[in-house]
């Protein structure tokens, strides 16, 4: 097994390892179907259509990526998507240093930070591997700053984790490391912020609990609440929350917002907080997402819009300027969005995955770490391509007779690549490899016979 590990170790590449020929394989052609971003702690999750779970970004001490490691050295994360679970995952959620996901059998799984019981496993121990929390019947999940919510198939609402502001809604301010029942039925949607929670009932009513210091509950006060309180009586269809602000949609496609607005994240043209819901867009909004100090939404024409804090380019408008009104970022074909603390992911109708914003810990998954100010990218960049293309930074290994290896890299058509190898990174001695010109899908192939007693590290560079 040591020899095999040496043959396929690709330390500096995003590796999707499988046998392939020069046609796009099923493994490469899987479109991305869902995205989720970690609040404040800078990690990202996404699902592919085959039910595989992928992760990238910050992984220091908590193990939020669930890959069995803790990234203890700078830059404290991984900058390429890595597969965590091979199949069967249906839903994902990312919180501050931890992650939740559901499998097709209705089981709930968790990994990462657990200092206040947010994983719900009965301990306060972090874990860097997925562990099963609930065996069946879970349908919806939400991860916040340090608390988690989930729904079961009977419409019941459950919660665990931190509760210092009453965000669990159990009538106390006491944390719990086991799931506890909050409401027995009729809950249809949930959202978890840093210290507050929202949920919808089957009658379209909007409810909230927890921190309300900036008016994020929209209850016409700024008092924390440890029991669910009704905010809107009906006709609410979707909810999302940032750290200290909240967004929701009504049945007519209108977008509403409340809470913290220091950076214009409510999109109302001001920088003033509000503790009552106010209408931001009158119609045609279909999806919403909220980060630390910014907000995203989609319209029915597939256009992507953004407003708020933009120091790291998270709005994707080509600037680093804050804006307090919605501005169009992408004109069409966007199908899903997710907002992290200072970065964003979105999907297009072809199954491609795109990212922009803060990237100091590799959370964009583009193979880089943005180590100099402004620490991010202010334009959307493609991370994974939809079929029939290979996508970016894909490497595959095919073992040949006699111990040789044929390796394929799928990049961008029309781009020239150089492939180098080294047996050590301390120091690196990069040796150029002979390759063919990139093919129709940007495919580069090269063959070598590696030393079975040494590690083999590869790098692939685009060159003029």
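The values are calculated or read from the model by the stated rules, or taken from the named source; none is laboratory data. Quick caveat, the model's predicted, so the values are computed rather than measured. Methodologically, a virtual Cβ is constructed for each residue, glycine included, from the backbone with ideal geometry; neighbour enumeration extends over all protein chains shown.
Side notes on the structure shown:
- Residues of the range 276-286 satisfying the condition of being buried (at least 20 other Cβ atoms within 10 Å of the Cβ) and over 12 Å from residue 258 (Cβ atoms): 285
Matching residues to (1) at pLDDT 95 or above; (2) in a strand (DSSP E or B); (3) over 22 Å from residue 327 (Cβ atoms); (4) not assigned by TED's automatic domain parsing to the domain that holds residue 155:
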| site | (1), (2), (3), (4) |
| --- | --- |
| 215 | yes, no, yes, no |
| 227 | yes, yes, yes, no |
| 238 | yes, yes, no, no |
| 243 | no, no, no, no |
| 246 | yes, yes, no, no |
| 258 | yes, yes, no, no |
| 263 | yes, no, no, no |
| 266 | yes, no, no, no |
| 276 | yes, yes, yes, no |
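- Residue within the range 159-167 that is farther than 24 Å from residue 289 by Cβ and not in a loop (DSSP other than H, G, I, E, B) present: no
Residues checked against (1) surrounded by fewer than 24 Cβ atoms within 10 Å (Cβ to Cβ); (2) at pLDDT 75 or above; (3) within 30 Å of residue 287 (Cβ to Cβ); (4) not assigned by TED's automatic domain parsing to the domain that holds residue 306:
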{"site": "349", "(1), (2), (3), (4)": "yes, yes, yes, no"}
{"site": "353", "(1), (2), (3), (4)": "no, yes, yes, no"}
{"site": "395", "(1), (2), (3), (4)": "yes, no, no, yes"}
{"site": "400", "(1), (2), (3), (4)": "yes, no, no, yes"}
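- Residues that are surrounded by 18 or more Cβ atoms within 10 Å (Cβ to Cβ) and without any contact (Cβ under 8 Å) to a residue 60 or more places away in the chain within the range 361-378 comprise just one, 370.
- Some residue of the range 89-99 being touching a residue at least 24 places away in the same chain (Cβ under 8 Å), within 23 Å of residue 287 (Cβ to Cβ) and surrounded by fewer than 22 Cβ atoms within 10 Å (Cβ to Cβ): yes
- Top-ranked residue in the range 242-274 [being touching a residue at least 60 places away in the same chain (Cβ under 8 Å) and within 26 Å of residue 141 (Cα to Cα); ranked as surrounded by the fewest Cβ atoms within 10 Å (Cβ to Cβ)]: 243
- In this structure, residue 221 qualifies as modelled with pLDDT under 95 and in contact with a strand residue (DSSP E or B) (Cβ under 9 Å, 6 or more places away or on another chain).
- Checking each residue in the range 295-319 for being more than 24 Å from residue 56 (Cα to Cα) and assigned to a loop (DSSP other than H, G, I, E, B) picks out 300, 301, 302, 303, 319.
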